[in-house]
């Protein structure tokens with residue numbers, strides 16, 4: 001399987017049996033998404049075969065679906081303008097005839113209840129009105145639902161990227177039940193704990209090849225990361241000691257009239273923690289707008305923003321990698337209103353080297369990159385500006401361990417040189433890297449943790465105190 | 001009570017139509033009669049049909065700039081072929097619908113911008129219309145004339161026709177599986193594709209259906225005017241787009257509302273009469289019509305913002 005000059009899959013041999021959960025891990029650009037697209041029929045391999053249930057030969061989306069293959073994609077793929085039940089209708093072609101609405105509604109309600117007991121999603125509302133976590137839940141439920149015959153193989157590509165820990169645990173428990181009943185699941189995730197605890201067998205990919213294919217109990221998180229080819233770094237970060245020096249560069253009064261006020265000082269990495277969707281993104285946007293008018297962009301921007309949802313508000317899909325990278329620094333790159341091409345190219349080459357964007361040519365379209373590499377470009381976009389404050393909205397969603405380590409390193413050096421980072425993350429490992437952490441609950445800041453107090457235990461305690469899980 | 005975003009989308013067009021109607025009645029109480037209403041809304045029927053056609057195209061994220069010339073072409077066919085030899089007329093219409101379906105396929109397969117393709121096609125339809133009727137003329141077929149001028153008891157034909165159009169298209173677009181697929185293509189065509197549907201077929205069918213409504217629009221127009229002209233409906237391109245937007249539709253994302261589109265068309269037709277009643281000189285009418293459009297759209301933006309704020313809290 002090749003894309004242009006890049007070989008995405010090279011001699012991959014993968015067998016998935018009934019009644020087993022196969023975990024698939026690998027770096028960004030290791031070929032995971034490609035193999036998913038080959039299995040579900042969107043891509044036809046240039047060489048080699050795909051066979052469903054033993055019969056090879058035919059290939060295509062409808063053949064794959066007829067063989068009970070369903071896919072939950074990394075980027076959410078529902079129709080946002082339709083209601084939940086209408087989306088069920090689209091995903092299930094055999095839901096024909098009169099009264100399909102009520103049947104679709106019954107189907108999705110039952111399935112949601114089975115996977116995520118206690119959810120409160122209104123199945124009559126349009127997808128637009130749901131939060132990102134709810135959308136993901138609906139998509140997962142639609143894929144697991146079956147009329148007449150149940151699906152045989154479900155491919156879950158980063159299914160928990162927008163779910164909080166509780167929902168993720170519910171999903172993983174359901175995956176085990178589904179497998180026990182004879183279904184198969186191909187689970188792709190960057191959360192190694194999930195892979196290790198849920199899969200029967202783990203396949204590790206690297207550069208378009210399978211490098212390891214062993215039973216799950218033979219792995220632990222250390223050996224898994226080693227197999228992927230990146231080195232585990234257990235060491236803690238040297239947190240910057242000169243904290244709260246001078247006056248805050250960024251501050252915000254308590255949100256919703258209660259809780260703590262927000263402050264950030266020069267050279268700090270401030271983390272925003274808490275369960276997903278508890279007002280962290282809104283806080284970031286408010287911080288951004290407090291320094292940059294909504295109507296009239298400031299000439300010299302003090303803040304840069306790294307978006308989390310790159311297909312929605314990050315990448316310019318039709319532009320080249322270079323153009324995507326340089327868009328925020330055009331002011332510095334141009335003289336008398338004209339862009340200096342040479343300087344732009346130099347900027348591109350510089351960042352390509354610094355963060356290792358995997359592409360033969362910066363002029364290629366941004367969509368030719370894998371998801372993690374696209375995110376790296378967005379990172380570089382913010383870091384390439386002269387802005388002293390960088391706001392990050394869960395930017396590492398779906399980025400592999402190796403890339404993350406590289407980015408952490410860059411963040412640390414940038415912070416030492418005086419930049420301030422405000423970082424919302426749903427991953428505990430990232431929050432632990434911060435100098436100071438604000439924990440959000442129900443839209444307000446409920447706790448501030450500093451230094452060694454930043455532990456999973458403390459953060460969870462703050463996110464859940466008052467005994468009410470949201 | 002919690003309103004769904006779909007209902008909220010319908011409130012603004014309905015309220016603006018009611019306000020406009022109230023203003024017209026206030027200025028000209030005699031309009032509040034069977035004949036008065038019929039006269040006010042008569043010309044809205046073809047506009048409503050053209051708006052529905054445009055709405056279908058917009059539901060799959062495209063835009064049809066040939067709507068006006070295509071309706072003019074259909075009007076010319078109605079006044080000539082359909083009147084002289086009905087079989088030939090029907091055949092021409094079927095051919096035109098097939099041409100629309102083919103246009104949809106080409107736009108999809110070649111990933112062409114629909115605006116460019118339909119703009120090109122508008123010259124094609126316009127040319128055909130001029131070839132058929134170089135000077136205004138022709139005659140409406142008897143049954144069309146009868147249908148458009150019939151007087152049902154209690155409610156004038158224009159209102160009955162609008163309600164029927166709204167009901168039929170609502171069922172077709174909002175309730176049926178086919179409608180879901182059309183809007184699904186507008187919302188996220190990749191997910192429709194991944195679910196195993198043929199998007200090219202859906203697009204072709206959507207374009208064909210839109211052509212069917214445009215044909216009906218041309219027939220209805222001739223039924224009212226009794227004769228046709230190659231430039232009879234040129235305004236319909238922009239009127240139909242404005243009608244869809246007024247009715248709560250959006251240019252992209254498959255967010256359309258058939259009932260809203262019909263209401264939007266009625267509002268546009270009424271706005272013209274309203275301005276005449278106000279004794280605004282025709283020189284200013286187009287500008288004033290634009291002002292009405294802007295006011296309604298501003299209201300909608302305001303309401304959307306309120307809705308979003310509510311969602312956050």
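The values are calculated or read from the model by the stated rules, or taken from the named source; none is laboratory data. These figures come from a predicted structure and were not determined experimentally. Note: ideal-geometry Cβ built from the backbone for every residue, glycine included; neighbour counts use all protein chains shown.
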Exercise. Just one of A:147, A:188, A:195, A:142 is within 19 Å of the chain's Cα centre (by Cα) and closer than 24 Å to residue A:53 by Cβ; which is it?
Worked result: A:188
Exercise. Exactly one of (1) surrounded by fewer than 15 Cβ atoms within 10 Å (Cβ to Cβ); (2) at pLDDT 90 or above is unmet by residue B:159. Its number?
Worked result: (1)
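So that you can scan it fast, the table gives a plain yes or no per residue for (1) within 14 Å of chain A (Cβ to nearest Cβ); (2) under 19 Å from residue B:104 (Cα atoms):
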| position | (1), (2) |
| --- | --- |
| B:194 | yes, no |
| B:197 | yes, yes |
| B:202 | yes, yes |
| B:207 | no, yes |
| B:211 | no, yes |
| B:218 | no, no |
| B:225 | no, no |
Problem set entry | Which listed residue, of A:135, A:176, is in a helix (DSSP H, G or I) and under 21 Å from residue A:221 (Cα atoms) | A:176
Exercise. What residue, of B:222, B:244, is buried (at least 18 other Cβ atoms within 10 Å of the Cβ) and touching a strand residue (DSSP E or B) at 6+ places or on another chain (Cβ under 7 Å)?
Worked result: B:222
For this session: Give the residues of region B:32-48 that are without any contact (Cβ under 8 Å) to a residue 60 or more places away in the chain and either under 10 Å from residue B:158 (Cα atoms) or surrounded by 14 or more Cβ atoms within 10 Å (Cβ to Cβ) (or both), sorted by residue number.
Result: B:36, B:39
For this session: Just give me the residues in region B:180-192 being within 20 Å of the chain's Cα centre (by Cα) and either surrounded by fewer than 22 Cβ atoms within 10 Å (Cβ to Cβ) or facing chain A (nearest Cβ under 7 Å) (or both), in sequence order.
Result: B:180, B:183, B:186
For this session: Look at region A:69-94 and say how many of its residues are more than 7 Å from chain B (Cβ to nearest Cβ), over 17 Å from residue A:35 (Cα atoms) and at pLDDT 80 or above.
Result: 6
For this session: Report, by residue number, each residue of region B:216-241 that is farther than 14 Å from residue B:74 by Cβ, in a loop (DSSP other than H, G, I, E, B) and under 17 Å from the mean Cα position of the chain (by Cα).
Result: B:235
For this session: Collect the residues in region B:37-89 that are part of a helix (DSSP H, G or I) and out of contact with any helix residue (DSSP H, G or I) (no Cβ under 6 Å at 6 or more places or on another chain), keeping them in residue-number order.
Result: B:37, B:39, B:83, B:84, B:86, B:87
For this session: Spot the failing condition for residue A:433; the list is (1) in a helix (DSSP H, G or I); (2) in contact with a strand residue (DSSP E or B) (Cβ under 9 Å, 6 or more places away or on another chain); (3) modelled with pLDDT of 75 or more, and only one is missed.
Result: (1)
For this session: Only one of these is away from chain B (no Cβ under 13 Å) and either touching a helix residue (DSSP H, G or I) at 6+ places or on another chain (Cβ under 6 Å) or at pLDDT 85 or above (or both): A:31, A:57, A:19. Name it.
Result: A:19
For this session: Determine if region A:124-138 includes at least one residue that is modelled with pLDDT of 90 or more, within 23 Å of residue B:186 (Cα to Cα) and buried (at least 17 other Cβ atoms within 10 Å of the Cβ).
Result: yes
Seminar exercise, completed: Cβ pairs under 7 Å, 6+ apart or interchain, first in region B:296-313 and away from chain A (no Cβ under 14 Å) and part of a helix (DSSP H, G or I), second surrounded by 10 or more Cβ atoms within 10 Å (Cβ to Cβ) and at pLDDT below 75, ordered by first then second residue, are B:303/B:8
Seminar exercise, completed: residue A:45 passes all but one of the listed conditions (1) modelled with pLDDT of 75 or more; (2) buried (at least 17 other Cβ atoms within 10 Å of the Cβ); (3) away from chain B (no Cβ under 14 Å); the exception is number (2)
For this session: Check residue B:30 against each of (1) part of a helix (DSSP H, G or I); (2) modelled with pLDDT of 90 or more and name the one condition it does not meet.
Result: (2)
